[in-house]
1. Residue by residue through the range 173-216, note down the ones that are without any contact (Cβ under 8 Å) to a residue 40 or more places away in the chain, part of a helix (DSSP H, G or I) and of a type outside the set (Asp, Glu).
2. Test Tyr121 against the stated conditions and say whether it is among the aromatic types (Phe, Trp, Tyr) and either within 16 Å of ligand 2 (Cβ to nearest atom) or in a strand (DSSP E or B) (or both).
3. Give the residues of the range 162-216 that are in contact with a Gly (Cβ under 8 Å, 6 or more places away or on another chain), closer than 20 Å to Phe142 by Cα and more than 12 Å from ligand 1 (Cβ to nearest atom), sorted by residue number.
4. For the list (1) in contact with a helix residue (DSSP H, G or I) (Cβ under 7 Å, 6 or more places away or on another chain); (2) assigned to a loop (DSSP other than H, G, I, E, B), I need the number of the one condition that Asp19 fails.
5. Being of a type in the set (Gly, Ala, Ser) and surrounded by 15 or more Cβ atoms within 10 Å (Cβ to Cβ) narrows it down to one residue among Ala91, Ala104; which is it?
6. For the range 1-12, what are the residues that are within 15 Å of ligand 1 (Cβ to nearest atom) and more than 24 Å from His88 (Cβ to Cβ)?
7. I'm checking my understanding of the structure. Among residues of the range 147-204 that are under 13 Å from Ala5 (Cα atoms) and hydroxyl-bearing (Ser, Thr, Tyr), which one is nearest to ligand 2 (Cβ to nearest atom)?
8. Could you check the range 76-112 and list, in sequence order, the residues that are within 16 Å of ligand 2 (Cβ to nearest atom) and not in a helix (DSSP H, G or I)?
Amino acid sequence: MALIAPSMLAADFLNLGKDVDVVNKYADIFHLDIMDGTLVPNISYGFPVVEAMAKKAEKPMDAHLMIVHPEKYVERFAKVGVSYLSFHLEAADRDGLDPKEIIALIRSNGVKAGIAVNPDYPLEKLLPYVPEVDFILIMSVFAGFGGQKFIEGTYERVKAVKAEADRLGVKIDIEVDGGVSPANAAALKQCGATMLVAGSAVFKSDNPREVIELMK
Ligand code: DX5
Ligand code: ZN
């Protein structure tokens, strides 16, 4: 079993309420991709859209911050009501921030703290954070755009995080994001993934419910 988190980036923004209902009815988590055009080469949506979704959301919200200086927005996302909040280690590295301080800030706001990394982030720099977080978001594409092709090397990275968590005896969630679909969901779960993000596979399908059920 893994929790299915449809990425609202692929939703129909002219009929957002309809796609919010899909998640409420059939999925487990709202995945919200926040991009600033600086950490990643794209801009997505911001607080007005997140606040609108929050009013209708009956499932927990998971904000994936692809922004520089994520620490500036932790409180605001907590206020909107997200249950999970992740930031990129690439953002912390870029700005000389201590990830542990951001993790503590997220937790002090009563939110589950996660770190996200792109497919080329060195595992030896990631694994020391396994005992420090509630979840780790392993990107299976380079952050910035929906609809990209799943990178096969992801399986080994998920296994490495799972092995480290088992070795230390800690229980964390492992979230995989990018190009996830019914074609790779089972293999990802077998490697240890517990949260699967899927945008295009769910919302560009004629039958989002069936896709979600297949991935489960
Ligand atoms: C990419 C985002 C993903 C993306 C997933 O930067 O973090 O959440 O929306 O979309 P698909 O499932 O289409 O790859
Ligand atoms: Zn994402």
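What follows draws every value from the coordinates through simple rules; no lab data is involved. Note that the coordinates shown come from a computational prediction; the quantities given were computed from them, not determined experimentally. Quick reminder, even Gly has a Cβ in these numbers, built from the backbone with ideal geometry, and neighbours come from all protein chains shown.
1. Selection gives Ala186, Ala187, Gln190, Cys191, Ala201, Val211, Leu214.
2. yes
3. Passing the criteria: only Ile174.
4. (2)
5. Numbers: Ala104 fails: surrounded by 15 or more Cβ atoms within 10 Å (Cβ to Cβ).
Every option except Ala91 fails the conditions.
6. Residues of the range 1-12 within 15 Å of ligand 1 (Cβ to nearest atom): 2-12.
Of everything in the range 1-12, just one residue is within 15 Å of ligand 1 (Cβ to nearest atom) and more than 24 Å from His88 (Cβ to Cβ), namely Asp12.
7. Ser200
8. Going residue by residue through the range 76-112, those that are within 16 Å of ligand 2 (Cβ to nearest atom) are 77, 82-91, 112.
Of everything in the range 76-112, those that are within 16 Å of ligand 2 (Cβ to nearest atom) and not in a helix (DSSP H, G or I) turn out to be Val82, Ser83, Tyr84, Leu85, Ser86, Phe87, His88, Lys112.
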